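The values are calculated or read from the model by the stated rules, or taken from the named source; none is laboratory data. If you're wondering where the values come from, they're calculated on a predicted model, not measured in any experiment. Note: ideal-geometry Cβ built from the backbone for every residue, glycine included; neighbour counts use all protein chains shown.
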Ligand SMILES: NC(=O)c1ccc[n+]([C@@H]2O[C@H](COP(=O)([O-])OP(=O)(O)OC[C@H]3O[C@@H](n4cnc5c(N)ncnc54)[C@H](O)[C@@H]3O)[C@@H](O)[C@H]2O)c1
Ligand SMILES: [Fe+2]
């Protein structure tokens, strides 16, 4: 215990419903609602009936993965036309990020581009329920949202306490339908949130507790959830891991791992979880010398080679992800050596994350790690 002199703020959803069938609690909680707007994706809209909402419910069923500004603005226009008294996000991080921003912005004068950064959202009048259908981002727990700017190919990050949910629902049964590859990638994203907060220069004892629980759950359950999507215990464990990861993001956030993953997401159109999986072993090993004790804890919880040097740890972590079915070579996802210098500049410039890394990373370090991942 040595970080209690550091002041942090943790925002959490006002109410949390957890467990199989907990999705049905939304309707009872939302008895006040006469004009709900449910934001979903093609693969999650069929869960709308399970919410048990009454009144005039408008369903948006086509939020794309990794939504960009035009996709966001389309949903915002629908919200303005419907004038909801409740916004429900029913999906993975892509849907929930859109939902929290729409709930805060639809009835105001601020555009998304006005609120990029920390603390710029003026307020929110519309209640927000977030129903997670992937176990990955932990977006239901948090105060951040990420939307892609198609012009700069970068993620616009909004952070505000006004983005926190009034109700968050963790019903593992909704994740049974997540395909194995998405389960693996999103599960590694949840783990990366915990790992990068745990070894972060802004790490805090409170958040370390959530991070430890999240990493341990991933070590126990991710493989099972990938191998058998109907393994209820494993799905529940991963849902909790994702939530804990979300709690890690609020006051501490991620570091170099996510910074290096972002250009892969925006330049190669890789899903967020997959981009993070590819990068995870390289940054874990790079940071080992700066955070040896915590890195050893992570290795033990994930069943990686304990006591290994940087190269051994990296190989073990690559093996961990590859065993889950993740194609770990960047070149197999369309990257070429000529791309890497530019991406390294981009990743290195994401100072809001890079500055959190326990071991300073120069541009040439970033480029080297990309080459090793190629
Ligand atoms: N707010 C945050 O703190 C935060 C943190 C990390 C990432 N993100 C953002 O979240 C987004 C990624 O979210 P994600 O990893 O959850 O993936 P996602 O929401 O993009 O979902 C991945 C795919 O799985 C489908 N899917 C979702 N739930 C399903 C289900 N139950 N059954 C079948 N298919 C399902 C989706 O339609 C999509 O095609 C990115 O935009 C990323 O930048 C946000
Ligand atoms: Fe993430």
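General observations
- Residue check, residue 244 over 29 Å from residue 18 (Cβ atoms), assigned to a helix (DSSP H, G or I) and outside the structural domain of residue 132 (by TED's automatic domain parsing): no
- Among the residues listed as 115, 87, 98, the single one being without any contact (Cβ under 8 Å) to a residue 60 or more places away in the chain and over 28 Å from residue 49 (Cβ atoms): 115
- Per the listing 368, 359, 329, the residue uniquely surrounded by fewer than 21 Cβ atoms within 10 Å (Cβ to Cβ) and within 13 Å of residue 257 (Cα to Cα) is 359.
- Scanning the range 180-207 for residues that are within 12 Å of ligand 1 (Cβ to nearest atom) and either outside the structural domain of residue 239 (by TED's automatic domain parsing) or farther than 11 Å from residue 245 by Cα (or both) turns up 180, 181, 182, 183, 184, 185, 186.
- Looking at 213, 191, just one residue is under 15 Å from residue 299 (Cα atoms), away from ligand 2 (no atom under 16 Å from the Cβ) and either at pLDDT below 95 or within 18 Å of the chain's Cα centre (by Cα) (or both), and that residue is 213.
- Hits in the range 265-285 (condition: without any contact (Cβ under 8 Å) to a residue 40 or more places away in the chain and within 13 Å of ligand 2 (Cβ to nearest atom)): 275
- Of all residues in the range 92-145, those that are within 15 Å of ligand 1 (Cβ to nearest atom) and on the phi > 0 side of the Ramachandran plot total 2.
- Meets criteria (under 20 Å from the mean Cα position of the chain (by Cα), in contact (Cβ under 8 Å) with a residue 24 or more places away in the chain, surrounded by fewer than 20 Cβ atoms within 10 Å (Cβ to Cβ) and assigned by TED's automatic domain parsing to the domain that holds residue 154) for residue 70: no
- Scope the range 127-166; condition surrounded by 21 or more Cβ atoms within 10 Å (Cβ to Cβ), in a loop (DSSP other than H, G, I, E, B) and in contact with a strand residue (DSSP E or B) (Cβ under 7 Å, 6 or more places away or on another chain); matching residues: 133, 143, 165
- Conditions (1) out of contact with any helix residue (DSSP H, G or I) (no Cβ under 8 Å at 6 or more places or on another chain); (2) assigned to a helix (DSSP H, G or I); (3) surrounded by 24 or more Cβ atoms within 10 Å (Cβ to Cβ); number of the one not met by residue 200: (2)
- Of the residues 286, 176, 280, the single one that is crowded, with 24+ Cβ neighbours inside 10 Å and more than 18 Å from the chain's Cα centre (by Cα) is 286.
- Those residues of the range 67-91 which are assigned to a helix (DSSP H, G or I) and either within 10 Å of ligand 1 (Cβ to nearest atom) or within 21 Å of residue 182 (Cβ to Cβ) (or both), in sequence order: 71
- Test: residue in the range 274-287 that is out of contact with any helix residue (DSSP H, G or I) (no Cβ under 7 Å at 6 or more places or on another chain) and either assigned to a loop (DSSP other than H, G, I, E, B) or under 16 Å from residue 365 (Cα atoms) (or both): no
- Filter result for residue 231 (more than 15 Å from ligand 2 (Cβ to nearest atom) and free of Cβ contacts under 8 Å to residues at least 40 places away in the same chain): yes
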